[in-house]
Amino acid sequence: MAEAHPVGFQWVMEARKRGAKVFHVDPRFTRTSASADTYLPIRAGSDIALLGGVVNYILSNELDFREYVLAYTNAATIVSEDYVDAEDADGLFSGFDPATGSYVQDSWQYAGHERDSGSGHTAMERETAAGLRHESHGAPIAGQVERDETLQHPRCVYQILKRHFARYTPEMVERVCGLPREKFLELARAWTQNSGRERTGCLIYSVGWTQHSVGVQYIRTGAIIQLLLGNVGRPGGGVLALRGHASIQGSTDIPTLFNLLPGYLPMPHHAQHPTFDDWVDAIRHPGQKGFWGNARAYAASLLKAYWGDAATPDNDFCYGYLPRMTGDHGTYQQVLDMIDGKIKGYFLLGQNPAVGSAHGRAQRLGMANLDWLVVRDLFMIESATFWQRGPEVATGEIVPQECRTEVFFLPAASHVEKEGTFTQTQRLVQWREKAVDPPGDARSELWFFYHLGRRLREKLAGSSLPRDRALLDLAWDYPTHGPHDEPDAEAVLREINGYEVATGRPLAGFAEARDDGTTAVGCWIYAGVYADGVNQAARRRPGREQDWVAAEWGWAWPANRRMLYNRASADPQGRPWSERKRYVWWDESAGRWTGYDVPDFEVTKAPTYRPPEGATGPAALAGDDPFVMQSDGKGWLFAPSGVVDGPLPTHYEPAESPVRNSFYGQQGNPTRKTYRHPVNSINPSPPQEHSQVFPYVFTVSRLTEHHTAGGMSRTVAPLAELQPEMFVEVSPALAAVAGLTHLGWAHLISARAVIEAKVLVTDRLVPLRVDGRVIHQLWLPYHFGFEGLVTGDSANDLFGITLDPNVLIQESKIGTCDVRPGRRPTGPALRDLVDDYRTRAGIVAGAVPPAVTPGVPVDKPGEATGERETGADERGDR
């Protein structure tokens, strides 16, 4: 955090001055480690083993915040008798379908709901990264559920959780993570002490958790710990993601993703959602509890914002104009489709996949096989010059004179050269004023897309073709200003907020959205950001003039609520858990919720309220159901749906690992997304043969002096001078084994590429003893490429393409490699070296390891017991 988020880390240091104890768990000793009380080295890719150990420590010592857990989580809920845990099936949960490598979730459901709720086959959910739509709400659960308030029923979630994590002992943590038992226990004790009525603890993570083939389950494990300790919905608690830059949260709220519409409404699927009603019902799930029961209003208002007068109830608000998904349209599927000639054109805005995405060679070969490519960026980045200066030019795989792609480079305005908003990890929307005009032809994205849309509409103005109506009927009447006709960003914010169609009055909040076409809302969760016609995101009232919640600095979605699920900051009776942690509470005399923040609850719903029989939507939530976007009002320790690779986190080895899974026969995530394509190969891992060809683990992260793939920092002279060269960090022990010399050259080889780097021999990396053997780890920065003031090979070239099945994010925090002294080959000899390693590793182009590890028994979908199929090969040993 000190390295990648130094401004935020100042508050960690402030807390340490006040007595907080700081632990840092990382494969490498960093600037954060130097500022921590305790540094704990860990093997990259083993975080679930560590976190699972903390869960086991909590449960085996009965350290959970029992009153919170019983009232506010699904700990007491009874799970189907058909459910079989991974603990009882060698690493697979019940319902695994070997034909698709995915789960049928019926057996994961709550008892009595095996055929309703969110159950069913998840193969399509994986293809469309459906887990993303649950960022703002839980998956569906219908009707009432069976509970055991004593937590003694063997099938209640609490008991399932205890059994599932029972083997995650301190000894297993040490064996799998390489972390000494005493260090782990020190961490577990400190973490669990931040629990109860008087104390809370906050969990903060970054991309080191997300970019794994089990990335979502990393975060799920952390959330389970926080729920068990009562650290969600309470001041000082929560789970916060440290974003890669200032508005990553905003880019998913109002998304640049293939499968989401604004406000986490899912993009419709051509086969599943042929009509507007089908689409809406798939979102709100008739009969479901919670605020997603109002999804029809959110959806209708969004389409009204898109198509204005053309969108009416009679034509389902132009639902027919919305694009439809047909499967996986993610960035990695796209690049493989480019290589195969299936995509003609590509827009790149603020992205640099030539060096910034996994498997850089595949990215560059794909972009070299287009009709046209539009690159908008601040500088001439590698994704604009790959055809001229990329590594494949040297190997002869791309010939500049023959490259068919026509590249258009359009200079872009930086964040200080345009107005708009940032939305950070707390969901805080902050307005940003333009400081200076952009130079020359540089323009904002708002200018570019507005005028692109305007020109396309002008060209099509006389068209009578039905296919053109979606573009021609758009509401595209934004006011402009200045010599270049810059669209008014505040006008766009007003549309995002939403307004009454008849009067133009901005909506005060999402509760005012209607499903009859009388409101237009660009993003329902942002409703209120322009309430009363005032740009609430531009508020800057100093902290000394308001209370500590600072509700008049910017605006947070939803409803300017600074803490989600804050009903949980009071006990089931509505009283603060303690005076020290007072935040939101029930005022009996006033008959309403009050406090320092906007209550995340129906403000007049008493703690004693119990829903009538048959109630749905918000009315179905009881007065002590704080998780109002969850379909049962509870925090989910166990996820019966919404997560496609298991209802509970389970340790699987990364797609590339030098060691066998010590917990289960199943080696890797059986539902991980893989691509059978000749350009994409995966290094073998045990129990596959020849894993020793790539014996070392490498991981990547940031340097303070550079930003992401380096396009904004390698072009800045002072930053380039501070970190001028690509390098690799190795331990003295590995340097001795591999014959590496401090400040000399080394080259690293995977099944995809060879890169070179200067060697830094350092004690910041230490060999770890894992399952009885020594594991060496290498570390690389991922900021380098072949453009800029300083250049170097890209670490991302080493990675293959294996994705988390829930959100389709790549595993780019761990891989295996070999390392040799000296500089890498050049020209065709470089590919010859890669091919030699591939041959020795037994890698066949286009082949991927089996989803199920050979020898692991597989239940047929719909069966929890009885005869089992097995993996394709019975030779697997433990």
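Some points to look at:
- Of the set (1) in a helix (DSSP H, G or I); (2) aliphatic (A, V, I, L, M); (3) in contact with an Asp or Glu (Cβ under 9 Å, 6 or more places away or on another chain), all apply to Ala49 but (3).
- Note on region 424-459: residues that are among the hydroxyl-bearing types (Ser, Thr, Tyr) and at pLDDT 95 or above amount to 2.
- Ala736 vs. criteria touching a Pro at 6+ places or on another chain (Cβ under 9 Å) and small (Gly, Ala, Ser): no
- Test: residue in region 547-555 that is over 32 Å from the mean Cα position of the chain (by Cα), in a loop (DSSP other than H, G, I, E, B) and surrounded by fewer than 16 Cβ atoms within 10 Å (Cβ to Cβ): yes
- Residue satisfying all of: in region 237-246; buried (at least 18 other Cβ atoms within 10 Å of the Cβ) and more than 14 Å from the chain's Cα centre (by Cα); nearest to Thr421 (Cα to Cα) among these: Gly238
- In region 375-423, residue nearest to the chain's Cα centre (by Cα) [restricted to those that are in a helix (DSSP H, G or I) and over 24 Å from Ser794 (Cβ atoms)]: His415
- The condition (being buried (at least 21 other Cβ atoms within 10 Å of the Cβ), among the basic types (Lys, Arg) and outside the structural domain of Gln144 (by TED's automatic domain parsing)) is satisfied by just one residue among Arg610, Arg714, Arg702: Arg714.
- Yes/no for Arg575 being buried (at least 21 other Cβ atoms within 10 Å of the Cβ) and either of a type in the set (A, V, I, L, M) or within 29 Å of Val145 (Cβ to Cβ) (or both): no
- Residues that are buried (at least 21 other Cβ atoms within 10 Å of the Cβ) and assigned to a loop (DSSP other than H, G, I, E, B) within region 685-699 comprise Ser685, Phe694, listed in sequence order.
- If you go through region 435-457 and keep only what is surrounded by 17 or more Cβ atoms within 10 Å (Cβ to Cβ) and in a loop (DSSP other than H, G, I, E, B), you end up with Pro438, Ala442, Ser444.
- Residues of region 778-825 classified as more than 28 Å from the chain's Cα centre (by Cα) and either of a type outside the set (Ser, Thr, Tyr) or modelled with pLDDT under 95 (or both), total: 14
- Top-ranked residue in region 582-607 [being at pLDDT below 95 and under 24 Å from Phe65 (Cβ atoms); ranked as surrounded by the most Cβ atoms within 10 Å (Cβ to Cβ)]: Phe601
- All positions within region 379-406 that are more than 15 Å from Ala709 (Cα to Cα) and touching a strand residue (DSSP E or B) at 6+ places or on another chain (Cβ under 6 Å): Thr405, Glu406
- Some residue of region 740-754 being in contact (Cβ under 8 Å) with a residue 24 or more places away in the chain, surrounded by fewer than 17 Cβ atoms within 10 Å (Cβ to Cβ) and within 24 Å of Glu3 (Cα to Cα): no
- Region 168-198, subset without any contact (Cβ under 8 Å) to a residue 60 or more places away in the chain and surrounded by 18 or more Cβ atoms within 10 Å (Cβ to Cβ), residue farthest from Arg769 (Cα to Cα): Asn194
- Test: Glu125 is modelled with pLDDT of 95 or more and in a helix (DSSP H, G or I): no
- All of (1) under 30 Å from Leu803 (Cα atoms); (2) crowded, with 24+ Cβ neighbours inside 10 Å hold for Tyr39 with one exception: (2).
- Residue identified as modelled with pLDDT of 95 or more, of a type in the set (Asp, Glu) and within 24 Å of the chain's Cα centre (by Cα) among Asp316, Asp371, Asp309, Asp337: Asp337
- Residues in region 660-682 that are within 11 Å of Thr802 (Cα to Cα) and of a type in the set (Phe, Trp, Tyr): Tyr675 only.
- Being touching a helix residue (DSSP H, G or I) at 6+ places or on another chain (Cβ under 7 Å) and either over 30 Å from Pro542 (Cβ atoms) or surrounded by fewer than 16 Cβ atoms within 10 Å (Cβ to Cβ) (or both) is a description that applies to Leu472.
- When Gly222, Gly244, Gly230 are screened for being more than 27 Å from Pro626 (Cβ to Cβ), in contact (Cβ under 8 Å) with a residue 60 or more places away in the chain, of a type outside the set (A, V, I, L, M, F, W, C) and touching a helix residue (DSSP H, G or I) at 6+ places or on another chain (Cβ under 8 Å), only Gly244 passes.
- With a requirement of 3 or more residues that are under 30 Å from Asp116 (Cβ atoms), the helices (runs of 4 or more DSSP H) lying completely within region 129-243 that satisfy it span 157-164, 215-228.
- Of the residues screened, Ala639 is not one that is outside the structural domain of Leu778 (by TED's automatic domain parsing), in a loop (DSSP other than H, G, I, E, B), touching a strand residue (DSSP E or B) at 6+ places or on another chain (Cβ under 8 Å) and of a type in the set (Gly, Ala, Ser).
- Qualifying residue in region 512-524 (condition: surrounded by fewer than 19 Cβ atoms within 10 Å (Cβ to Cβ), over 16 Å from Tyr478 (Cα atoms) and free of Cβ contacts under 8 Å to residues at least 12 places away in the same chain): no
The values are calculated or read from the model by the stated rules, or taken from the named source; none is laboratory data. This structure is a prediction, so every number in the text was calculated from the model and none was measured. Using ideal geometry, Cβ is built from the backbone for each residue, glycine included, and neighbour counts are taken over all protein chains shown.
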